[in-house]
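A short worksheet on the structure shown next.
The values are calculated or read from the model by the stated rules, or taken from the named source; none is laboratory data. This one's a predicted model, so the numbers in the text were calculated from it and none came from an experiment. Every residue, glycine among them, receives a Cβ derived from its backbone with ideal geometry; neighbour counts consider all protein chains shown.
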Amino acid sequence: MGDTISFPHLDYAALWPMLILFGAACVGVLVEAFVPKAWRNTVQLVLSLLAMGAALVMVIKRAAAGVTAANAHTASDAISIDKAGLFLQGALLVLGIVSLLLIGERTLETGGPFVAQAAITVGSEADRRQAARESGATEVYPLALFALAGMLLFVTANDLLVMFVALEVFSLPLYLLCALARRKRLLSQEAAVKYFLLGAFASAFFLFGVAMVYGFANAVDFNSIHANISTSDKPFALLLIGLAMLAIGLLFKVAAVPFHVWTPDVYQGAPTPVTAFMAACTKAAAFGGLARVLYVGFDRSNWNFTPVLGVIAVLTMLVGAVLAVTQTDLKRLLAYSSVANAGYLLVGVLGGGAAGLSSMLFYLVAYGFAIIAAFALLTLVRDADGEATHLSRWAGLGRRSPFFASVFTFLLLAFAGLPLTSGFTAKFAVFGAAIGGGQTWLVLFGVLSSIILAFPYLRVIVMMWLSEPGDTTPSVSIPGALTSAALMVGVLVTLLLGVAPSSLLDLANNAASFVR
Amino acid sequence: MTLLDVALAVAGLLAVAGGVAVVSTKQLVRAGLWLVVALGAVAVEFLLLGAEFAAWVQVLIYVGAVVVLLLFAVMLTRAPIGPSPDLDRPLLPALLVGAAAGLGLAGLFAAAFGRLTVPAPGAGTAQKLGTAIFDDWVLPFEVLSVLLLAALVGAIVLSRRESTR
């Protein structure tokens, strides 16, 4: 053998958060094999929480040590742990911990929100037996850890190939988690298949885009792409089509119109804790990746992609808001509202500059906590068949359990963007960034869609408080400790970020820079 | 035009024809077998371009494992072996989209790389590939193994039934 393999330098201090999560996921797989069934859930939950906590500590340590252009890149420049990347990693971990509390809840129904054996035919005798008695699959914990670790890698990926690998690593466990609902299993399996097929399609677009960008810029890492764009002698159309295909892959994950059609079906069919995880964390990861592609690899010194993405942002806001009005199922309503929120986030990104980036970071955290709390509440309102998500079932809930109805009202007002909630601060930040970046037209459409979107929220509020409770109005279960904790954290953060947002705003402002 | 150019063109045409046959045949099993032609022709292209290791991997993984897996899936899911006339394939939109994308990309690539001469990079041996993977690409490579593990866990979760009871 002539040449020896030279191992690249790995900065373990920067890689620890991901290594901890991947390692814990592997240990979780072993737990499945060796720990007795009665103990598995507890062991897995504690293991996952500890791992996420440890990873969060590592992220904070790294941030405290200071990030410079010199120490940001590691592993042959494959990943870039810069300030924005660290902020996103921290946000993902915090949101991941809160949604893991929902995933770990086992007291609301026998065995928890996940099916015990997904292979059993739906509706058979064995299926009824397992729905009533057996405890849910605990493989969901390692799968969630794999997904979260993939997200951490995705937001720090510094070249397109690593980004593609990370995209697959965080998508595949999510497809699987979607299929594991205990109730309404056919809906859940349908959601998983739809998500998987469309996701595979989007990944193929992304990969084709990578190939075309490579053809144009002769490189896949963002630095070289940025440097080679202006010097390449290939036709510009090659780059444009490549970037468009990359964008299709990423916009699919953030659920932007016209790549949003999977969102309502998947959000409705997936087990509600997984929906919360997806709504908060997938959105944060996908926007983190999208922002890095747009800010680092293809920044606007070379051309202006704002008109195209701006049209997508406007469409996303309007279509999401209008379709939310027509929904009769709360999970679907929140799904369309999450589509519209992707539009607001895009407005922030298109605002450009540090202000745009910091507004996006703030919005992701604010929205993440609010949506997790909303889905946590959805898991509480249930009848004999599981969660009662149809809108008509919520009529009169305010009379029956005023406390939970008040909390949900507060969250809906936060989504609508009323002052004293995080929704107001977040919308103010993204719209402010867009005006500062000279994109006033986006803000006009943003305000318009916010007004449309307020209607479905208010309709739910009116139904809860002004209707008489009927015989079919379900009761609100007393949440277990885990759901209570998640709910409390979500609501408190939503309130805090509305009343005193300055500390997180400062943090986001400081973090709003990528290292090229 | 050298012999190599002719061989490349023939293999390319074969790959495209195989691909068209995959999506146009009415019989699921034959679609799987046409896939052998398409993927095999791509392996020939790799071989002609000197990427011998990639060519053999293509044969082993795609022509071998993937097609076999596909045929197994057809057998195990009791899919019809004969023709499936109920397959929903609107011809006109498919032709429009396929032709527009195919011809557009062909034109684009011809304009971009048509007059480009690239020096032969030398044989693509396993050693070169291994050096690249374990040097520059070691992190994504290791992460891919994690992806495989996640897929494995997921497959077991979705398909395993406990035999007791």
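For the reader, a short list of remarks on this structure follows.
- For A:Leu180, the criteria (1) closer than 27 Å to B:Leu139 by Cα; (2) surrounded by 23 or more Cβ atoms within 10 Å (Cβ to Cβ); (3) under 20 Å from the mean Cα position of the chain (by Cα) hold in every case but one, which is (1).
- Of all the numbered requirements in (1) closer than 30 Å to A:Thr110 by Cβ; (2) at pLDDT below 95, A:Gly215 misses one, and that requirement is (1).
- For the stretch A:128-140, the count of residues that are basic (Lys, Arg) and assigned to a helix (DSSP H, G or I) is at least one.
- For the stretch A:106-142, residues that are under 20 Å from B:Ala150 (Cβ atoms) and without any contact (Cβ under 8 Å) to a residue 40 or more places away in the chain total 2.
- Some residue of the stretch B:102-116 being out of contact with any helix residue (DSSP H, G or I) (no Cβ under 8 Å at 6 or more places or on another chain) and buried (at least 17 other Cβ atoms within 10 Å of the Cβ): no
- Within the stretch A:233-270, if we keep just the residues that are in a helix (DSSP H, G or I) and charged (D, E, K, R), the residue that is farthest from A:Gly348 (Cα to Cα) turns out to be A:Asp265.
- Residue in the stretch A:475-492 that is touching an Asp or Glu at 6+ places or on another chain (Cβ under 6 Å) and part of a helix (DSSP H, G or I) present: yes
- Selection from the stretch A:482-503 of residues that are touching a residue at least 12 places away in the same chain (Cβ under 8 Å) and surrounded by fewer than 20 Cβ atoms within 10 Å (Cβ to Cβ): A:Ala485, A:Val489, A:Leu495, A:Leu496, A:Val499, A:Pro501
- Test: residue in the stretch A:351-369 that is touching a Ser or Thr at 6+ places or on another chain (Cβ under 7 Å), assigned to a strand (DSSP E or B) and not hydrophobic (A, V, I, L, M, F, W, C): no
- Boolean, A:Ala147 is among the small types (Gly, Ala, Ser), closer than 23 Å to A:Val27 by Cα, at the interface with another protein chain (Cβ under 10 Å from one of its Cβ atoms) and crowded, with 24+ Cβ neighbours inside 10 Å: yes
- Lone qualifier among B:Val20, B:Val37, B:Val66, B:Val59 - being of a type outside the set (Ser, Thr, Tyr) and over 28 Å from B:Ala123 (Cα atoms): B:Val20
- Yes/no for A:Leu102 being over 14 Å from the mean Cα position of the chain (by Cα), buried (at least 24 other Cβ atoms within 10 Å of the Cβ) and closer than 30 Å to A:Ala63 by Cβ: yes
- Residue check for A:Leu418: over 17 Å from A:Arg332 (Cβ atoms) and part of a loop (DSSP other than H, G, I, E, B): yes
- Hits in the stretch B:111-165 (condition: facing chain A (nearest Cβ under 7 Å), aliphatic (A, V, I, L, M) and either touching a residue at least 60 places away in the same chain (Cβ under 8 Å) or under 26 Å from A:Ser6 (Cα atoms) (or both)): B:Val138, B:Leu139, B:Val143, B:Leu144, B:Val146, B:Leu147
- The stretch A:164-179: number of residues that are facing chain B (nearest Cβ under 9 Å) and either among the charged types (D, E, K, R) or touching a Gly at 6+ places or on another chain (Cβ under 8 Å) (or both): 7
- Residue check, A:Leu95 under 24 Å from B:Leu147 (Cβ atoms) and surrounded by fewer than 22 Cβ atoms within 10 Å (Cβ to Cβ): no
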